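Contents: one structure, followed by commentary.
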Amino acid sequence: MKNRIDIILEKTVIFLLFVMLVSIVWQVFSRYILKSPSTITDELSSFSLIWLGLLGAAYTTGQKLHLAIDLIPTAIVQQKRSLYDGIVYGAICLFAFAIMIIGGIRLCILSFQFEQNSAALSIPLGIIYLVIPISGILICYYCIYIYFQKDNTNTTSL
């Protein structure tokens, strides 16, 4: 199941990068060549960047490539690797659950209740904000999956 999620996320992130690239190129072309800037490309590229960043964060978590700052010396970490990984992945999962899933769902509900729409595209902002709980769910899944792998010794430096 993890491999399927990885492939779907990878293709989604590539697609979002392509959409953002085309949007920005069209914006530059229409502004400087046609002298009539497009009204929707700014929002489209902004929303693509939001989705790209959050889904990319989930993908990198699943690939064990997320950014970390090593404050504890490596020798101490190697002695109690399982405990250290549990603390790290537990903290990431707790943040993703409390802030991204619960907070993201509340933000989506409020956006739908107040019928907030984007200015140029008229897309309900609740749809744009849906990426927050989706990414939170994926990050929690990946943290749990990685921690409970049978071979937990090949984790990269967190």
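How much length is gained if the chain between ALA75 and ALA120 is pulled fully straight, taking 0.36 nm per residue apart and subtracting their Cα-Cα distance, in nm to one decimal? Walk me through the numbers on the way to the answer.
Numbers: separation 45, 0.36 × 45 = 16.20 nm, distance 5.42 nm.
Result: 10.8 nm gained on full extension.
What stretch of the chain, leaving out the sites themselves, is the longest with no trypsin sites (Lys or Arg not before Pro) in a DSSP loop having at most 15 other Cβ atoms within 10 Å?
Free of exposed loop sites, the longest segment is 81-149.
Any idea what Rg and Dmax come out to for the chain if you just take the C-alpha atoms, in Å?
In Å, with Rg to one decimal and Dmax whole: 19.3, 64.
Mind checking the full-extension length gain between ILE127 and THR12? Use 0.36 nm per residue of separation minus the Cα-Cα distance, one decimal, nm. Kindly include the intermediate steps, with their values, before the conclusion.
Details: separation 115, 0.36 × 115 = 41.40 nm, distance 1.60 nm.
Result: 39.8 nm gained on full extension.
Given a cut-off of 15 Å, what percent of all Cα-Cα pairs of segment 65-153 lie beyond it?
On the way: 2611 of 3916 pairs.
Here the tail beyond 15 Å accounts for 67 percent of pairs.
If you stretched the chain out fully between LEU67 and SER46, how much longer would it get, using 0.36 nm times the residue separation minus the C-alpha to C-alpha distance? Display every interim value, and only then the final one.
Working: separation 21, 0.36 × 21 = 7.56 nm, distance 2.32 nm.
Here the answer is 5.2 nm.
Could you list which residues have their amide H under 5 Å from that of ASN117, counting only those 5 or more apart in sequence or on another chain, with H placed in the peptide plane?
When sequence neighbours closer than 5 places are left aside, the close amide H contacts are LEU125.
Which value, in Å², gives the accessible area per residue of segment 6-158 when a 1.4 Å probe is used on the protein heavy atoms? List each step's numbers first, then the result.
Details: 9650 Å² over 153 residues.
Value for segment 6-158: 63 Å² per residue.
With a 1.4 Å probe and every protein chain kept in, tell me what percent of the accessible surface of the chain is carbon plus sulfur. List each step's numbers first, then the result.
Numbers: 7210 of 10150 Å².
Ligands and nucleic acids excluded, carbon and sulfur reach 71 percent.
Helix-derived [θ] at 222 nm for the chain: sum -39500 (n - 2.57) over DSSP H runs of at least 4, divide by residue count, nearest 500? Show your work: numbers first, answer last.
Values: 7 runs with 106 residues, N = 158.
Result for the chain, helices only: -22000 deg cm²/dmol.
The values are calculated or read from the model by the stated rules, or taken from the named source; none is laboratory data. Bear in mind that the values here come from a model prediction, so they are computed numbers and not experimental data. All Cβ positions, glycine included, derive from the backbone under ideal geometry; neighbour counts span all protein chains shown. The protein model used for the area step is the full one, side chains on, heavy atoms only, and it has no ligands, DNA or RNA in it. Shrake-Rupley method; radii C 1.70, N 1.55, O 1.52, S 1.80 Å.
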